[in-house]
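Have a look at the structure below, then the notes.
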Amino acid sequence: MASIFDRIYPQFKNFQTTDLATYIQALCGMVQPLSDLASTGDNEQDGWSALLDLTRVPNDALPWLGQLVGVHFLNPALSVADQKNQIAARIGWQRGTLASMQAAISPLLSGSKYVAIQERDTSPYHFLITTFNSETPKDSGGVNASPAIIAAIESQKPAGLRYTYTMTTGGDYAFVRGAYATYTVVRSTYATYNGLKNRTIGG
């Protein structure tokens, strides 16, 4: 379908100037996104249906669609793909589970996006979260984890439970268990235990 500007501007054929075109483009630009959403889709989809279709929804409408399934994007730098993945996984419906906390934290990390969660580590009401220091974004001081990490944890942790968050520089048994299917794979990846501790491939 032609844009609003393309439908309106020709009506002024006897008065067309660069200034008039700029003025009309500015007016049309404010309502064009709304018109696109309300119009019938390219494949005859009903108007407005794009807002509820994860494959067609405009990127800037993802936060609106997400809140319908309890997903809130606390990190403005979260990629479009990660936003869509969180909506598709409906992590808001899983709040309080290990999977929901891992899903909220891992998109903020780099590399392997490793997140280890140890339940009931010091008491039935406490758990430990660990990420790799080298993969974790830092705050302005460059030492502590970014506030976005803490916000992600707080958004998904079970009510009433307390936690400790820490960053590690090397591998631990939780990492080994989650990353490798068998010790044969571990042995073929790391030559020594120090290599595993420091996550030095082949070391």
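The values are calculated or read from the model by the stated rules, or taken from the named source; none is laboratory data. Only a predicted model underlies this, so the values are computations on that prediction, with no experimental measurement involved. Note that we place each Cβ from the backbone using ideal geometry, even for glycine, and neighbour counts take in every protein chain shown.
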Report every pair of residues separated by at least 6 positions or lying on different chains whose Cβ atoms are under 6 Å apart, first residue within the range 1-22 and closer than 30 Å to residue 47 by Cα, second outside any helix (DSSP H, G or I) and at pLDDT below 85.
1/39
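Please verify whether residue 56 is within 30 Å of residue 150 (Cβ to Cβ), assigned by TED's automatic domain parsing to the domain that holds residue 118 and of a type in the set (Lys, Arg), treating the condition exactly as stated. Lay out the reasoning, then the answer.
Numbers: within 30 Å of residue 150 (Cβ to Cβ): no; assigned by TED's automatic domain parsing to the domain that holds residue 118: yes; of a type in the set (Lys, Arg): yes.
Judged against the criteria, residue 56 is not a match.
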Just wondering, is there one or more residues in the range 93-107 that are part of a helix (DSSP H, G or I), in contact (Cβ under 8 Å) with a residue 24 or more places away in the chain and touching a Gly at 6+ places or on another chain (Cβ under 7 Å)?
yes
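Would you mind stating whether residue 82 is touching a Pro at 6+ places or on another chain (Cβ under 6 Å) and either without any contact (Cβ under 8 Å) to a residue 40 or more places away in the chain or hydroxyl-bearing (Ser, Thr, Tyr) (or both)?
Details: touching a Pro at 6+ places or on another chain (Cβ under 6 Å): yes; either without any contact (Cβ under 8 Å) to a residue 40 or more places away in the chain or hydroxyl-bearing (Ser, Thr, Tyr) (or both): yes.
Taking the combined requirement at face value, the residue satisfies it.
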In the range 53-84, anything modelled with pLDDT under 90 and not in a loop (DSSP other than H, G, I, E, B) is listed as 60, 82
Could you check, for the range 67-76, whether at least one of its residues is crowded, with 16+ Cβ neighbours inside 10 Å and touching a Pro at 6+ places or on another chain (Cβ under 6 Å)?
yes
Would you be able to say whether some residue in the range 167-184 is modelled with pLDDT of 90 or more and not in a strand (DSSP E or B)?
no
It is to be established whether one or more residues within the range 144-157 are without any contact (Cβ under 8 Å) to a residue 24 or more places away in the chain, loosely packed, with under 13 Cβ neighbours inside 10 Å, assigned by TED's automatic domain parsing to the domain that holds residue 75 and over 19 Å from the mean Cα position of the chain (by Cα).
no
Here's a check for you: in the range 22-46, which residue that is loosely packed, with under 13 Cβ neighbours inside 10 Å and part of a loop (DSSP other than H, G, I, E, B) is modelled with the highest pLDDT?
46
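Quick one: is residue 16 outside any helix (DSSP H, G or I) and more than 41 Å from the chain's Cα centre (by Cα)?
Values: outside any helix (DSSP H, G or I): yes; more than 41 Å from the chain's Cα centre (by Cα): yes.
Considered against the rule, which asks whether it is outside any helix (DSSP H, G or I) and more than 41 Å from the chain's Cα centre (by Cα), residue 16 comes out as yes.
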Going through 191, 181 one at a time, which residue ends up being among the small types (Gly, Ala, Ser), surrounded by fewer than 13 Cβ atoms within 10 Å (Cβ to Cβ) and outside the structural domain of residue 79 (by TED's automatic domain parsing)?
181
